[in-house]
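The values are calculated or read from the model by the stated rules, or taken from the named source; none is laboratory data. Remember, it's a predicted structure, so these values are computed and weren't measured experimentally. Here the Cβ is made from the backbone with ideal geometry for all residues, glycine too, and neighbour counts use every protein chain on show. Just the protein is used for accessible areas: all its heavy atoms, side chains included, with ligands, DNA and RNA removed. Shrake-Rupley method; radii C 1.70, N 1.55, O 1.52, S 1.80 Å.
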Amino acid sequence: MSAPVPPRTGAASAPVVVYENVRKSFGTFTALNGVSFQVNKGEVVCLIGPSGSGKSTLLRCTNALEKHDGGRILFEGVPLPADEKSLHGVRRRMGMVFQSFELFPHMTALENVCEGPVTVLGMSKADAITRATALLKKVGLADKALNYPANLSGGQQQRVAIARALAMQPDMMLFDEPTSALDPETVGEVLNVMKQLAEEGMTMVVVTHEMAFARRVANWVVVFEAGAVIEQGPPTQIFDAPLVSRTKDFLSHLGWEG
Amino acid sequence: MEFDFAPVLESWRFLLSGLWVTLLLSVICAACSLVLGAAVGLGRIYGPRPVRAVLTFYIDSMRAIPVLVVLVWIYFAVPILSGVTFDPFWAAVLALTIHLAAYAAEILRAGIESIRPGQVRAALALGMSRPQIIRRILLPQAVVRMLPAFGSLLSLTIKDTAIATVIAVPELMRRAEAVAASSFRGAEVFTVVMLIYFLILFPVTRLVDMAYKRYAHLGRS
Amino acid sequence: MTLDWSIVWDNRWLLLQGALLTIVLTVATMAVAIPGGILLAVMRMSSSRLLSSLSACYVELFRNIPLILIVYWAFYVLPLMPLGITLDAFTTGLVALCLNVSAYNSETFRAGLNSIRKGQVEAAVALGMTRSQALRRVILPQAWRRVLPVLASTWVSLFKDTSLVSVIAVGELAHTAMQIRSQSFRVLEMLTAMAVIYWMLGYPQAKLVDWIHRKFGVKE
C-alpha cells in the first residue's frame, strides 16, 4: 500500500521513538490504521498530509495524551507504560507545543516557564527563574517575562510555550501544528525558533502545513492519508520526486511547485 | 394618605442592631457555603461513581426545595428527631449553608468544566499529576471565571438571610416586622428597610462586576 | 417519639389544594413577568433617556432587595394605593412575585438580544433583508436559544420562591402545611411531608431545566 522506505542517511543514530503498526479509533472512525516509522536522535521528522489524516492523533499518542489501541509505541526502546504514574515520568521527557498555545492565563510568561521545573521537577524557585529567564532570552522574549498571556501576540505566546516545554530539558519535542493559529506575519518568528532548535540537535516531531519549513529543516518527512502513512523519505524525495502519486496530488493541492 | 416616618427614625438603633445580625449571618453563611460547596463540587466532578451520584442527588434536591422549607425543617423538625435544640441563629446558618452550598458546588463545576481541555493536555504534557493540575491550573482559572457567579451567590446569600425571620432570627427583616407591628407604620418601615437592603446589595453586585472586569484575562485561556 | 403519618393522608386534599395554588401562582407570575420583562428590556434599550433610566432603576431596585421583603412591602403599601379596591392576599402575593420576576426577566431578555453580534444584523441587511426581517429571521431565533435556558432556571427559582408568600397567609403549599402543623402539633410529619411534596414537584423541574440547558444552551 505505501511506497518502499528508502535507506536513512545523515543523522541516522539510535531511535528515540519507534511506531510499530499503531492503531487508534474513535468509535467507528479509524484515526490511525497501522502506522509504522521511527524517529532517530537529533532528527527533525515532519508529519504532513491533509487535515484529519491522523497526524495530530499520532502526536498525541506519542506522549499518551490519547491512548493508542493497537500496535506499539517505543520511547527510548521501552513501550509506553500503561499506568498514569509512570506516564508522568515519560511525559516530562517529551516537550509538547500545541496549536492553540495553551499558556496558563493566570501566570506571567516567566511563571509559565517556571511551572514545570518547580511543580514537576521540584526545582527551587530561584533556579527555575534563572533557567526560565535564559530560555525566554533564547526565544527572544526576555523583555516580556512579566507579561500575562493576554498581553502577548500569538507568535509571542507560542514562543513562550516553546520555552515552557524546553524548561523541562526534554529529550525530544513534539509540535502539533504550532503555526496554524498564528497571523501570517508572526509565523516566521516561531519557525525561526524551531529552526534554531533543530540546528542545536534537538529531536523534533513536527506536524505542520508549512511545506517550505519541512523542505528546508526536516531530515525525514512522513506523508499521512486517511490514518496511514502513504510515503516517507528525505525531503528531497518527498518534495522533488515523490514516489507516490497521491503525495504529489496533496502537494500540488497546496500549491507546492517543487 | 399620610406618611409618618417618625416611628422608623425612633427605632433606628433597634434596626441597626438587626442589620449587624444580617451582615454577620451573611458572612458566616457565605464562608461556610463556599467551603462546603467547594468540597461538594470537587467530589461531584472527581469523586468515585457512588459519591458522584449521592452529591448530584443532594445538589438537585436543594435546587428543588425552597430555602424556607429547609429552614423550618431544620429549626422545627431536627430537634424532634435528634433531641438537640438549636439557637435560631445557628439553625439559620446550618439551613442556609446546606442550601447555598449546592449552588456554590454547581458554580464551581461549571467554572472548571468551562476551561477547555487543551489546558489539561498542556499540563499533562509537562508531566503534572491530576491533583497538581486541579490545584495549580484549573482552580485558579475557575475562581476567576466564577467571580460573577459568586457575586450573585453572595447577593443571594444576603437576600436569603431575610427569610430567617420566619424562625425569629433577630436580623434586619425580623426587626422591621417588629417595628411595623408596634407602630402600625408598615409601609414606612418596609420602604426604609428596602432602601437599606438595596444600599448593601447594589454595591456588592457592582464591586464584584468591577473586580471581574479587572481580572477576567487571568481566567481566559 | 411516636410518629403519626396518617395526619398527612387525612389532609391530602388540603395539601393538594395548596400544591395547586403553588403551581397557579408560578404560572400566573410568569404569564405577567414575561411580557413585563420584555417591556422593561425594550424600555431599557430605547433611545429615550427617561424610559431607559426608569427601567434601569426599577430593575436594579427589585433585583437588589429580598423577595420576602417585597412581599411584606406589597402587603402594607398596596392598600394605601388609590386603587379603589381591596386586594386579597393572593393578588398581593402575585403582585410581589411579578415585581421581582419581571426585573430578572428583563435582564434575561436584554442579555439575549445583546449577545447577538452586530455582524449578524449587517450580514442580514447585506443580503437585502429589511431591519424587521433581520430581527424576525436572524436575531430572534438566535436570542431565543439564549433566553430559554435562563427563563427555565428562573421558572424553578420562582416555583420555590412562591413559598415566601406564605408569610402573608396566601394558602399555597407552604402555608397550608404549616397551618396543619400548628393545628395538629404533628410538626415533624407535616414539615417532612411539605419538604417531600416540594421535592416531588421541584426535582423533575430541575432535571428538565438541565435538559433544556443541554439541548438549547449556546456553547461559545
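In table form, for the structure just shown:
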quantity: Residues (assigned to a helix (DSSP H, G or I) and either over 30 Å from A:Q169 (Cβ atoms) or without any contact (Cβ under 8 Å) to a residue 24 or more places away in the chain (or both)) located in region A:203-234; calculated: A:M211, A:A212, A:R216
quantity: Meets criteria (at pLDDT 95 or above and either open to solvent by less than 60 Å² (accessible area, probe 1.4 Å) or hydroxyl-bearing (S, T, Y) (or both)) for A:V222; calculated: yes
quantity: Enumerated helices (runs of 4 or more DSSP H) restricted to region B:25-83, each holding at least 2 residues that are in contact (Cβ under 8 Å) with a residue 24 or more places away in the chain and open to solvent by 30 Å² or more (accessible area, probe 1.4 Å); calculated: B:49-64
quantity: Candidates A:T203, A:T247 - the one that is under 23 Å from B:L126 (Cβ atoms), among the hydroxyl-bearing types (S, T, Y) and buried (at least 21 other Cβ atoms within 10 Å of the Cβ); calculated: A:T203
quantity: Any hit, region B:176-187, residues being touching a residue at least 60 places away in the same chain (Cβ under 8 Å), out of contact with any strand residue (DSSP E or B) (no Cβ under 9 Å at 6 or more places or on another chain) and at the interface with chain C (Cβ under 8 Å from one of its Cβ atoms); calculated: yes
quantity: Scan of region A:165-200 for residues that are assigned to a helix (DSSP H, G or I) and either touching a strand residue (DSSP E or B) at 6+ places or on another chain (Cβ under 7 Å) or open to solvent by less than 10 Å² (accessible area, probe 1.4 Å) (or both), ordered by number; calculated: A:A165, A:L166, A:V190, A:M194, A:L197, A:A198
quantity: Subset of region C:170-220 (residues that are assigned to a helix (DSSP H, G or I) and of a type in the set (K, R)); calculated: C:R181, C:K207, C:R214, C:K215
quantity: Residue within region A:81-94 that is within 14 Å of chain B (Cβ to nearest Cβ), in contact with a Pro (Cβ under 9 Å, 6 or more places away or on another chain), in a strand (DSSP E or B) and not β-branched (V, I, T) present; calculated: yes
quantity: Selection within region A:89-116 - without any contact (Cβ under 8 Å) to a residue 60 or more places away in the chain, surrounded by fewer than 24 Cβ atoms within 10 Å (Cβ to Cβ) and among the polar types (S, T, N, Q); calculated: A:T108
quantity: Helices (runs of 4 or more DSSP H) enclosed by region C:41-147 - at least 2 residues per element that are open to solvent by less than 60 Å² (accessible area, probe 1.4 Å) and either at pLDDT 95 or above or closer than 26 Å to B:F202 by Cα (or both); calculated: C:49-63, C:67-77, C:89-114
quantity: Some residue of region A:132-152 being modelled with pLDDT of 90 or more, within 10 Å of chain B (Cβ to nearest Cβ), closer than 22 Å to A:V18 by Cα and out of contact with any Leu (no Cβ under 6 Å at 6 or more places or on another chain); calculated: no
quantity: Region A:16-31, residues that are under 15 Å from A:K55 (Cα atoms) and small (G, A, S); calculated: A:S25, A:A31
quantity: Hits in region B:179-194 - residues which are at pLDDT 90 or above and surrounded by fewer than 20 Cβ atoms within 10 Å (Cβ to Cβ); calculated: B:T191, B:V192
quantity: Filter result (hydroxyl-bearing (S, T, Y) and more than 32 Å from the chain's Cα centre (by Cα)) within region C:119-150; calculated: C:T130
